[in-house]
Amino acid sequence: MSELSTKQSHIMEYIRDFIEEKDYPPSIRDIQFGCGISSTSVVDYNLRRLEEKGLLRRDREVSRGIELLEGRRRRGTVDVPVLGAIAAGQPIPVPTSDRWASDVEDTVTVTEEMVRGHDNVFALRVKGTSMIEDLIDDGDIVFLEPATTADDGEKVAVWLEDRGEVTLKRLYREQDRIRLQPANSTMPPIYVDPENVRIQGRFISSIRPSG
């Protein structure tokens, strides 16, 4: 990459490492802080130069819409429906427990790598901080695959039928009860009757919206 400036080479390396680690592209602000650049406008200028050199492609209508092209398989994008909110804290109500797909409020566009080859992926916006130690914070978007079963310890979206509420927790089966375990050492688990628990989806990945 002798035709690139030092700053552009650093940006390319940062984007490459970021995608390798997280399976989704960095935001403009991620690049600014990760590369020690003075402002987002400087990042934008250098991204335009890299785009002109054919090393990346940007979709300015999409959050994190950076696609590396330099000698790699071109990364596609997919639109994932956002079906409401899910609690990472105490459970909160969401519309229609059986078919969330009828309640699409928005879509989010992400790279194919974010959904990791799964079909019919849906997204929910996180409310609360009970999964913070799993790096899932208030305001994040989680991607899930539809599922009715899960192994102990998996992160799942569960519908609590007797409460009419949904929550995101790690699930464990204990004799005659289900333990829904937060990933926050300051919060207690939720214990529920297995008859009142319906698994709705298994966790795939999450993103923190930029801005």
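The values are calculated or read from the model by the stated rules, or taken from the named source; none is laboratory data. Since this is a predicted model, take the numbers as computed values, not measurements. Positions of Cβ are backbone-derived with ideal geometry, glycine not excepted, and every protein chain shown enters the neighbour counts. Remember, those area values only see protein heavy atoms, side chains included, never the ligands or the DNA or RNA. Shrake-Rupley method; radii C 1.70, N 1.55, O 1.52, S 1.80 Å.
Average accessible surface for the chain: 51 Å² per residue, computed with a 1.4 Å probe over protein heavy atoms with every protein chain in place.
Remark: the Cα gyration tensor places region 6-68 in the rounded category, a/c being less than 1.5.
Each residue of region 32-39 was assigned a 3J(HN,Hα) from its phi angle through the Karplus curve 6.51 cos²θ - 1.76 cosθ + 1.60 (θ = phi - 60°); the sequence is 4, 6, x, 9, x, 9, 5, 7 Hz, with glycine and proline shown as x. On the chain, 44 percent of the accessible area sits on carbon and sulfur atoms, based on a 1.4 Å probe. Summarising the amide proton neighbourhood of Asp140: residues at separation of 5 or more, or on other chains, whose placed amide H is nearer than 5 Å comprise Val126.
In percent, rounded to a whole number, the relative contact order of region 160-201 is 35, using alpha-carbon pairs under 8 Å and six or more apart. Between 0 and 90 degrees, the angle of helix 40-52 with respect to the longest Cα principal axis of the chain falls at about 70 degrees.
Pairs of Lys residues in the chain, spaced 8 or more positions apart or belonging to different chains, with C-alpha separations under 19 angstrom: 5 in total. Loop-resident GluC sites (Glu not before Pro) (DSSP state other than H, G, I, E or B) in region 21-70 with no more than 11 further Cβ atoms inside 10 Å of their Cβ: Glu61.
The angle between the Cα long axis of helix 6-22 and the longest principal axis of the Cα atoms of the chain comes to about 20 degrees, rounded to the nearest 10.
Taking amide H as placed 1.01 Å from N in the peptide plane, the amide H of Met131 sits under 5 Å from that of Ala183, each at least 5 places away or on another chain.
Report the one residue of Gly139, Val166, Pro189 whose Cα lies farthest in the direction of the positive end of the charge dipole of the chain (charges on C-beta: Lys and Arg +1, Asp and Glu -1; origin at the Cα centre). Projecting each Cα onto the dipole axis, the largest value belongs to Gly139.
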